[in-house]
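A short write-up of the structure that comes next.
The values are calculated or read from the model by the stated rules, or taken from the named source; none is laboratory data. Computed from a prediction, not measured in an experiment: that's the story for all the values here. Ideal geometry is used to build each Cβ from the backbone, glycine not excepted, and the neighbour counts take in all protein chains shown.
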């Protein structure tokens, strides 16, 4: 787990340990009630069915990036599930203890994520969140493309489209690791696109990006 | 001793000395009958002795010491200087030389006459010795006055000698003019001859006329004018420059070029660079030639391509021999030329010919020489000599690991199919290879040769065992070669459905082997065996590729052990096969060759895999010791570590870094994306 998320859970623990004022206790109570309305009582968690219900109550698709943002806010560990503690963490910091408030805060959340420091953390989280198997370290190409489109698409349309095209036609890589994933974000931020003039393959860019750039350059000289 | 000795006064004594000195001057000045007898000398010496040993005030030591000096001064002023002043140029110089040698004679004699002064008077008072006084007189009086005139005269004399009547005071200007016309008129070899001759004459001249300390300076000037100024123009003369000399094998001129240019600063740099270009071009031409030959051959017949390649490697070896001799002889073993030769060979030795890498060509070349009935018929010595030369070429090939793998495959074939001339030979060749490339390179191959030797012993033990245990004898000749896993190329081992007779054989051998060893696992590798194509395939439980290979060698080759229906030259899945009961041969033993597999692809794949491991290991090793390292540095150290075996591609290294990151051996630094950290 990256340090950022550790810090967050520490913060949660300490705030829970303090003697809570009455108002806060009330809020926690309302958040817990809110949780209970979606939770699967047999496992004590909100399961995929519960998530789907929540989405429909919020009038968003479950594939909407805002749900991923919500998961980030909760620092959710397992895709499709929210534990009570994750729920408390997320909703408390969003100051949303009812469906109505949560709906309102969701658009606020989009702005929060877009702040540079948060975005990088969110970007890394989104990859990690998709690793569903034990000891899984890489994500298959298809998932990577969907995720890139979801997370970076609104900011770097051109790059995402051509990178996804490339990922689908190349044969060398079947999966992408976290390092390649984070470096693709760095690529979007640092490299002039589609000119690529400041891309230098002698730097430590992952090979997959060297190959991508080579493919792009080849394409632009022999269209 | 005569105590009653009569006191000699100064005037009387000096009169006597004066007579002696005048006689000496006469002897010096011209042809004369006069000479000093030992009696004369004794008399003169005694006079001085007496005058110096008289009781004061009659001890005239001081006065005699002064008169000694005055005698020289008087002679120089009255005789020597006037005779020099009236002469000029060469004559003045000749006179000077004569006067100087006269003066030395005069000093020798006079100092003998006055010798008694040296013994007591001079030592006691710490005065300059007699000889020194005499020589100093010449310096102070003659040299002081004349040295300017002398220098001018010497230079003018040198200039005259340089070029007849030409008088030229400035060496540089003189040679600069000469060089500028020669460079236009003369060919490079002629120019060099002239330059060498000039330098030689200049050197002689210096040793005749000038102090040796002037030599270096003067020669440097001449070299600068004749060589440095025109180096490029001279070396690159179109029809006679360095390129042309190399092309026409003008070894003498090249040696001269080396001698001349080795004397000027950085003079050899352009020569070695032209040498490198020339060798690289010749090598590249050989590659081109082999390519053309290979593509022509392909159109006719594929089988004989091997011969072309054999010729190619031989030509490369010849090229190497030739230019190594140039380096050693013409270029005096200079490191610059060794480096040039190496770089030139590296250029074309890594090109490969029509899809075959040079590593493979070289391995095939060695195989052809080492195998029985190969295309080369050579004596043992010639074999070792040729192979040693071939191994030298290895130094220029970056894919040494690929060579090793091909060599090992071919060695395995030679050993297992009994094609090798002899084990001892193989072993001594491996020793040579080991010297060239190191132990890790040859350890597996040495293991293979040892396996074979052991196998022969084992076979005779097995036959002995069968002799003692006649009840188990399967009644078929069975030869088993036990090989050590890991040394040998990986052979497919499959669950072959053996005919019953063979199953018995295998069991007998198993029993035997267990009597000899414990904790060893035998894995059987069958590669030879016999309805319809499909039935054979099911019976044998082999892939199409293997079945086709086997059936081809049994039914389509020289020996028709099986008859095939229809009787064609290729195997198709609809064919039928039958045991040829009519088959006989006049030989008691026959060999049924297997068509070679497409080994090349497998070798390349194997080497690629080994390289991945090698790069991984190298990166981990480096990072383990460095903990944090920049990307470029990591790549550099990795290339350096692996250079002995192969030249890793930077892309391949990057790929391995990606993989090591996934496997949590490395991580990228959070702040500097060009920095990697080792994760313990």
* Structure fact -> Given the conditions (1) within 12 Å of chain B (Cβ to nearest Cβ); (2) surrounded by fewer than 18 Cβ atoms within 10 Å (Cβ to Cβ); (3) part of a helix (DSSP H, G or I); (4) more than 18 Å from the chain's Cα centre (by Cα), every one holds for residue A:162 apart from (1)
* To do: Tally the residues that are away from chain B (no Cβ under 11 Å) and either assigned to a helix (DSSP H, G or I) or within 13 Å of residue B:658 (Cα to Cα) (or both), restricting the search to region A:209-223.
  => 9
* Among residues of region B:169-206, those that are surrounded by 14 or more Cβ atoms within 10 Å (Cβ to Cβ) and outside any helix (DSSP H, G or I), counted -> 2
* Asked: Is one or more of the residues making up region B:371-386 outside any helix (DSSP H, G or I) and under 21 Å from residue B:286 (Cβ atoms)?
  -> yes
* Asked: Just checking, which of B:147, B:103 is crowded, with 17+ Cβ neighbours inside 10 Å and assigned to a helix (DSSP H, G or I)?
  -> B:103
* **Where residue B:608 falls short, out of the listed (1) more than 14 Å from chain A (Cβ to nearest Cβ); (2) surrounded by fewer than 17 Cβ atoms within 10 Å (Cβ to Cβ); (3) assigned to a helix (DSSP H, G or I)** => (1)
* To do: Can you tell me which residue within region B:620-645, out of those that are outside any helix (DSSP H, G or I) and modelled with pLDDT of 90 or more, is farthest from the other protein chains (Cβ to nearest Cβ)?
  => B:627
* Report yes if residue A:131 is within 14 Å of another protein chain (Cβ to nearest Cβ), more than 21 Å from residue A:190 (Cα to Cα) and surrounded by 19 or more Cβ atoms within 10 Å (Cβ to Cβ), otherwise no. => no
* Taking the residues in region B:667-677 that are touching a strand residue (DSSP E or B) at 6+ places or on another chain (Cβ under 6 Å) and more than 9 Å from chain A (Cβ to nearest Cβ) as candidates, determine which candidate is surrounded by the most Cβ atoms within 10 Å (Cβ to Cβ). => B:677
* Complete set of residues in region A:83-128 that are within 14 Å of another protein chain (Cβ to nearest Cβ) and in contact with a strand residue (DSSP E or B) (Cβ under 8 Å, 6 or more places away or on another chain) -> A:127
* To do: Filter region B:646-664 for residues that are within 12 Å of chain A (Cβ to nearest Cβ), on the phi < 0 side of the Ramachandran plot and not in a helix (DSSP H, G or I) and give the result.
  => B:649, B:663
* To do: Check whether at least one residue in region A:196-208 is assigned to a helix (DSSP H, G or I), within 10 Å of chain B (Cβ to nearest Cβ) and surrounded by 19 or more Cβ atoms within 10 Å (Cβ to Cβ), and report yes or no.
  => yes
* Structure fact -> When restricted to A:170, A:180, A:189, the only residue within 14 Å of another protein chain (Cβ to nearest Cβ) and more than 19 Å from residue A:142 (Cα to Cα) is A:189
* To do: Collect the residues in region B:73-105 that are over 28 Å from residue B:155 (Cβ atoms) and within 60 Å of the chain's Cα centre (by Cα), keeping them in residue-number order.
  => B:105
* Asked: Is at least one residue of region B:271-282 at pLDDT below 90 and either outside any helix (DSSP H, G or I) or in contact with a helix residue (DSSP H, G or I) (Cβ under 7 Å, 6 or more places away or on another chain) (or both)?
  -> no
